[in-house]
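The values are calculated or read from the model by the stated rules, or taken from the named source; none is laboratory data. Nothing here was measured: the structure is a model prediction, and the numbers come from that model. Counting neighbours? That spans all protein chains shown, and the Cβs are built from the backbone with ideal geometry, glycine included. Side chains included, ligands, DNA and RNA excluded: accessible areas come from the protein's heavy atoms. Shrake-Rupley method; radii C 1.70, N 1.55, O 1.52, S 1.80 Å.
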Amino acid sequence: MNENNGMAYTQNGDAPDNDTQNKPVNNTPLLQLNDLCKRYSGMGTYMSVFHMNLTILRGRIIGLLGPNGCGKTTLIKMINGLLTPTSGNVLINGMEPCAATKKVISYLPERTYLDNSMKVSQMVSYFADFYEDFSTEKAYGMLNALGISSDARLKTLSKGTKEKVQLILVMSRQADLYILDEPIAGVDPAARDYILRTIITNYNPGSTIILSTHLISDIENILDDVIFMKNGSLMLYTSVDSIRSQMGKSVDSYFREVYAC
């Protein structure tokens, strides 16, 4: 680690030395990025992710933060095996992305992928058939709490309600790693608190959540750690408590300072 203005900036992406009280003790890395790069070619070659090294342990809720175009979604897709790295690798439980790792990752993409012709209940049944770790009881409990009818066809629901349904399906799994790309961007403010409570109360406490969002002030109270990305590179990986204690600022305030135009 290098020290910069009292803040620990990681160059090798080692997991921050955080207070682990009330967290499960398991030192086996859940996720490792080893010199990970993704280069795009076309109208000029550019690097979307540039030599990222990162080690993420279990039992953490982590904010993946950075401006548009910094490489967050590309990174998420490589972790999920949807993009192939140009060089370096991703390891989940010591394995590169494959069928086995897909079984332990529950992924919420930024854009909905649900079949508009299906009923909500049919989507629940589809997930229950496809994922061994899916809890139908948990899914219906969250649907009822948000007042979403299981008989409704997805095409009749608003954009925000569709996103709630998709999040419910993702959080009803008992996964090792949850990756949520902008989970609250399209929902009304009144529903955000419930959705955040849903996130923190409906996941396995021995697993980890990586949550990418621009709505930092809404989520920072549930975060353990933050990852700052800039121009495809890892800029900072540290605990939320470190930012508050060393910088005397909220994560949102520090983010605005770091990425000020």
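Here are the numbers:
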read-out	value
Yes/no for Tyr203 being open to solvent by less than 40 Å² (accessible area, probe 1.4 Å), part of a strand (DSSP E or B), within 24 Å of Arg60 (Cβ to Cβ) and among the aromatic types (Phe, Trp, Tyr)	no
Condition met for Gly141 (open to solvent by 30 Å² or more (accessible area, probe 1.4 Å), modelled with pLDDT under 95 and out of contact with any strand residue (DSSP E or B) (no Cβ under 9 Å at 6 or more places or on another chain))	yes
Filtered residues of region 81-96 (kept if open to solvent by less than 50 Å² (accessible area, probe 1.4 Å), part of a loop (DSSP other than H, G, I, E, B) and either closer than 21 Å to Ser207 by Cα or of a type in the set (Asp, Glu) (or both))	Gly81
Condition broken by Ile243, with the remaining ones in (1) crowded, with 21+ Cβ neighbours inside 10 Å; (2) under 30 Å from Thr136 (Cβ atoms) satisfied	(2)
Given (1) part of a strand (DSSP E or B); (2) free of Cβ contacts under 8 Å to residues at least 60 places away in the same chain, number of the condition Tyr107 does not satisfy	(2)
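Conditions tested, residue by residue: (1) modelled with pLDDT of 90 or more; (2) open to solvent by less than 10 Å² (accessible area, probe 1.4 Å); (3) charged (D, E, K, R).
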| position | (1), (2), (3) |
| --- | --- |
| Leu211 | yes, yes, no |
| Asp224 | yes, no, yes |
| Ser250 | yes, no, no |
| Ser253 | yes, no, no |
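Table: residues versus (1) in contact with a helix residue (DSSP H, G or I) (Cβ under 9 Å, 6 or more places away or on another chain); (2) closer than 21 Å to Leu64 by Cα; (3) open to solvent by 60 Å² or more (accessible area, probe 1.4 Å); (4) not in a loop (DSSP other than H, G, I, E, B).
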site	(1), (2), (3), (4)
Ile148	yes, no, no, no
Lys164	yes, yes, no, yes
Tyr178	yes, yes, no, yes
Ile184	yes, yes, no, no
